[in-house]
Amino acid sequence: PPSAQARPPATPPPSAQARPPATAPPGIAKKPPPPGGPGTGAAGPLAIVVSSMSDDESLGLETLVGEYVESGTNHGNKAFKRKRQPTDTEDGDVFIYFWDQRDGPDFGGWWFGEEAGGQKVWARCPKAEALPPQSGWLMPWDGDVQPALVLKRKQATVAPPKARVPKQPASAPPKTPDTVRPVAKAGVDIEIVDDDDELEAPTQAAQADPLGNSTVAEDSISQAAEDSVAEADARVEKVTEKISLAEIEATQALESVRAMMGGEVTDESLKMVEDLIQAQQKAMLDTQKKLALEIMEAKKVAPKTVGALSALQNRVRVVQASISQEKNQVMQVKQKKRQEVQESQQKARHEEMQMLREMSDAKLLEQGLPEAMEVVSIAEEALDTVIAAAAPLALGPPESMDAKVMATIKETEAAVAKAQEAIKAAKLKLAQKIAGANSFVLEAKKVALTEYRALQEKVEDAQTKLAPYLRVRKDQEQRIQAKKILDEVSATLGSVEVEVETVTSTLSGTQPSEDEIKAADALAPPVLANLNKSLRLVEMKMRVAQGALKQDLQQRQDRGMESKKKLEAFRMQCRTSLEKSQLKELLKQGLAITQAAEEALSQTADAEEPFIKGIELEGTEATEALAACKSVWRVIETKVSAAKSFLKAKLGELKRLSAESQEAARGELADLATRVEIASQKLNEFKKDTSERETAIVLREVIAKVTTAETSIQQAIEASVPLQADKLEDVDAADLKKASEQTMEAEKAAALACADARKAIIAKQKDGPAKDSAFGTKLQELQAKLTAAQQELTKQRKVAVQGEKIWKIKQM
C-alpha cells in the first residue's frame, strides 16, 4: 500500500545496529581489498535493484522501487538503503534489512521499512537467507505473496584511483614513448598532479644537462613502470569481476534451486535442479582453472598480483562448497523420492498379494459356509422335535403322574438327548470354522466371522430354548405339587375376598347415620384378621416355592394385598364419615347456642323502652325499670358465657379429627365465635347504659345539691366584682361597704350549700352500690366539682375580708 503498516510491537531493536562484519553467507565470498594499493581498481559493493512487474498503481509498489546500496549491517547480515533521486520529494528513506527470530518466527526474515527495526514497514519475506531474496515478498507484511515485487542483485564497479602523472617541464615538449601504452583508457580518470617533490629531480637534471637527454630517458623509464603497474591492476580487476559474476550467477542458481525444492518436488523439477547444479559446478570448475592459469601467468609477468589472485581462490572454494552442500541436499531429496517410489511399488505388490489372498479366502468361505449352515439347521430341527414332543405337557398340570403323562415325558427326554448332541456337534463345527477364518485376510476375515458368528448366535439361541426341557420330569412333578398349593391358597384367599367385598359394600349408595357407620366399622377387624392369616399362608408357601409356582403365589399375594388395601380404605371411609357426622352435629349445636344468645340480646329493646321515651323516671317506676334491665342482662350474660365455653371446648376437640376435617370445622366455629363476641360487646354496652341510668337516678339529689352550691358560689363571685378593682383606695367607702356586705352574705349562703352537698355525697358513698363502678366514678366527679367550688369560695371570702378592711379604714 502507499502508506506503510505499523509493525506489531516487538523487542525494541537498536536502529541499524553497527556490528563487526559477519562471516560471508554460503555462496557469497568476501572480496579481499584490491591489491596494489591506491593505484589499483576493484569491484564495488553489492547493490539491490527493486522493480515492479505491474502497472497497477493501487498496489503501492512505486514506494519501494529503486536502487539500494549497502548501508551497514543488522543482525549479522548486510543492510541496504535506497538511493535518493532528484525527483524524490515526498518519499522518505527506505531500508532493506534482516531480522532474526529473537521475537519469534513470525518476525524473522527480510523487511522493507523506514529504518532497521522500526515500527513502519511495507513488506516482509520470511526466508532466512544471507541476502535479500529475489521473490516471495508478502505485501502487506502479514498478507499474501506479491509476485509483482522483484529484486535483482548487481555488483557495483568502482573506478581505480586516478593515475598520477608528473607535470612536464615547460621546456620539454610532451611526448609518449612508443613502448608505453596510453595512460588514459575507459573507466580511468587521469589527473595532472603538481607535486614539488616529484618535479624537483627532473629540474636539477635539466640544469646539469642542457640538452635534456638524461631527463627524457628517466621519464620514459618511469612512465613504462607506471604503465606496467596499471596493466597488472587491470588484470586483477578483470579477474575479480569474473569471479564476482560467477558468484552472483551461482547465488541466483542456488536460490532457484531452493525455490524449486521448497514446494512439491517432481521428477522433472528434480532433473532440472540436478542439471542446474551440474552446470554451476562445471562453470565454477572452469573459473577455478582459469584463475589457476592467471596465477601461473602472473607469477611470470606480475608477481606482485599473485597474492590478490590467490585470495580469489578462497572465494571460488566457498561458492563450490555451497554448491556441493546444495547438491547433497538435492541428492537426499532424490534418494527420498527413490525410496518413496520403492515403497509405492512394494505397497502395490502387497495389495496385489492381499487381493489374491482375499479371492482364495472367499472361495474357502464359499465352500465351508454351507457345511456350517447344515449342522445348525440339524440342531434347530432337533429343537423343534423336542418342542413338539413336550406340547401335551404345556396344556396344564395334570392331577397326577399317570401312564399317559409318563409316556410323554419319556418321549420328550429322548428328543432332548438328540437335540443336545446336535447342538454340541454344531458348536464344534462352528469353532473349527471360526479358527480357520481367523487366518483369512482382513476383508475376507470380517465377512467370514460375521457369517459364522450369526450361526453361533442361532446355536446359542437353540441351547437357551432347550434348557427348560432338560428337567421336564422334575418340572412336571413340581407343577402338580404347585397346583395343589395354589388350590389351597386360592380357596382360603377367595373366601376372605368375599368377606371383604361384603363389608365394603355395606355403606354404598346411602347416607348412613352415625350408628350405622359405627356398626359397619365394627365388621372390618375380624375380616382383616382372616385376611392377614391368608397372606401369612401365601408367604410361607413362597419361601420354598420356585419358578412358575413362585410367580403364581406372587400373583395371589398381590391379590390379597389389594383386598387389604381395599379393606383399610373402607375403614378410613368409615372414620371419615363418622367425623363428618360428628362435625355436623357439633356445628348444629354451636349454631343453636349462638342463636339463643343472639335472641336473648333482642330483649334489651323492651327493657330500655321506659328510658328511651324521654320521660324522667322517679321513685318506684325508676326502680322497676332498672330491675327489668338488670334481669335481662343476666339472662343474656348467661347465654353468651355458655356459647363462649361451648365453642372453646369444641375447638379443642377438633385436634382429634383428621387435618381435612379440622380445616373445614375450624372456619365455621370461628364464624360462630365471632357472632358470640359481637353479642358480648352489645351486652357490655347495655350493661354500661343501665349502670349510667341507675347512677343518674340514685345521685339525682346529690347532683342537685352540688349544682345549688355551684350557683351560690357564682352569685358570690358576681357580688365581689366591685372589690376586684385595681385601686380599691379610689373606690367610695359606701360602695366598698355595700359590696363587702353583699359578698359576705353570698359567701355564707354558698358555704351552707357546699356543706349540704358534701353531706349528701358522704351519705351516698355509704348507702350506694359499692360494686357499681359507674356509681363510684360519678360520685368522684361530683366530689371533684364540689372541691373546686369550695376553693373558689375561699378566694371570694378573702376578697370580701380585704374590702371590709379598706372601707372600715376609710370610715375611721
Number of positions in the stretch 382-402 that are over 13 Å from residue 473 (Cα atoms) and loosely packed, with under 13 Cβ neighbours inside 10 Å: 5
Positions within the stretch 52-90 being in contact with a Leu (Cβ under 9 Å, 6 or more places away or on another chain), open to solvent by less than 20 Å² (accessible area, probe 1.4 Å) and at pLDDT below 90, in sequence order: 61
Matching residues, the stretch 654-665, being assigned to a helix (DSSP H, G or I), surrounded by 14 or more Cβ atoms within 10 Å (Cβ to Cβ) and not polar (S, T, N, Q): 654, 664, 665
Among residues of the stretch 312-351, those that are within 20 Å of residue 281 (Cα to Cα) and either among the β-branched types (Val, Ile, Thr) or open to solvent by 30 Å² or more (accessible area, probe 1.4 Å) (or both), counted: 19
Those residues of the stretch 666-708 which are β-branched (Val, Ile, Thr), within 21 Å of residue 586 (Cα to Cα) and open to solvent by less than 30 Å² (accessible area, probe 1.4 Å), in sequence order: 676
Single condition residue 269 does not satisfy, out of (1) in contact (Cβ under 8 Å) with a residue 40 or more places away in the chain; (2) of a type in the set (Ser, Thr, Tyr); (3) within 30 Å of residue 128 (Cα to Cα): (1)
Single unsatisfied condition, residue 535 versus (1) out of contact with any Gly (no Cβ under 9 Å at 6 or more places or on another chain); (2) farther than 23 Å from residue 468 by Cα: (1)
Out of 536, 556, sole residue that is closer than 30 Å to residue 479 by Cα and open to solvent by 80 Å² or more (accessible area, probe 1.4 Å): 536
Candidates 591, 586 - the one that is assigned to a helix (DSSP H, G or I) and buried (at least 17 other Cβ atoms within 10 Å of the Cβ): 586
Check on residue 316, in a helix (DSSP H, G or I), β-branched (Val, Ile, Thr) and closer than 30 Å to residue 232 by Cα: yes
Selected residue (criterion: nearest to residue 419 (Cα to Cα)) from residues of the stretch 443-462 that are open to solvent by 60 Å² or more (accessible area, probe 1.4 Å) and touching a residue at least 12 places away in the same chain (Cβ under 8 Å): 458
Residues of the stretch 290-311 satisfying the condition of being of a type in the set (Asp, Glu) and open to solvent by 70 Å² or more (accessible area, probe 1.4 Å): 297
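Taking residue 465, is it closer than 14 Å to residue 548 by Cα and open to solvent by 90 Å² or more (accessible area, probe 1.4 Å)?
For residue 465, the condition - closer than 14 Å to residue 548 by Cα and open to solvent by 90 Å² or more (accessible area, probe 1.4 Å) - is not met.
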Where residue 535 falls short, out of the listed (1) under 60 Å from the mean Cα position of the chain (by Cα); (2) more than 18 Å from residue 569 (Cβ to Cβ): (2)
Test: residue in the stretch 364-376 that is of a type in the set (Asp, Glu), in contact (Cβ under 8 Å) with a residue 12 or more places away in the chain and within 24 Å of residue 480 (Cα to Cα): no
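If you take the residues in the stretch 242-266 that are within 59 Å of the chain's Cα centre (by Cα) and among the charged types (D, E, K, R), which one is nearest to residue 130 (Cα to Cα)?
The selected residue is 255.
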Residues satisfying the stated conditions in the stretch 470-489, i.e. open to solvent by less than 60 Å² (accessible area, probe 1.4 Å) and under 25 Å from residue 392 (Cα atoms): 472, 475, 476, 480, 482, 483, 485, 486
Residue check for residue 529: within 30 Å of residue 678 (Cα to Cα), of a type outside the set (Val, Ile, Thr) and in a helix (DSSP H, G or I): no
Where a residue in the stretch 61-85 is more than 15 Å from residue 118 (Cβ to Cβ) and its partner, wherever it lies, is β-branched (Val, Ile, Thr) and open to solvent by 30 Å² or more (accessible area, probe 1.4 Å), with Cβ under 6 Å and at least six apart: 67/49
Residue check, residue 581 hydroxyl-bearing (Ser, Thr, Tyr), open to solvent by 50 Å² or more (accessible area, probe 1.4 Å), in a helix (DSSP H, G or I) and at negative phi: no
Pairs where the first residue, in the stretch 254-265, is on the phi < 0 side of the Ramachandran plot and the second is of a type outside the set (Ser, Thr, Tyr) and open to solvent by 60 Å² or more (accessible area, probe 1.4 Å), C-beta under 8 Å, 6+ apart: 254/26; 260/272; 261/329
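The values are calculated or read from the model by the stated rules, or taken from the named source; none is laboratory data. Note that the structure is a prediction, hence the values are computed from the model and not measured. Counting neighbours? That spans all protein chains shown, and the Cβs are built from the backbone with ideal geometry, glycine included. Calculation scope for accessible area: heavy atoms of the full protein, side chains included, ligands and nucleic acids excluded. Shrake-Rupley method; radii C 1.70, N 1.55, O 1.52, S 1.80 Å.
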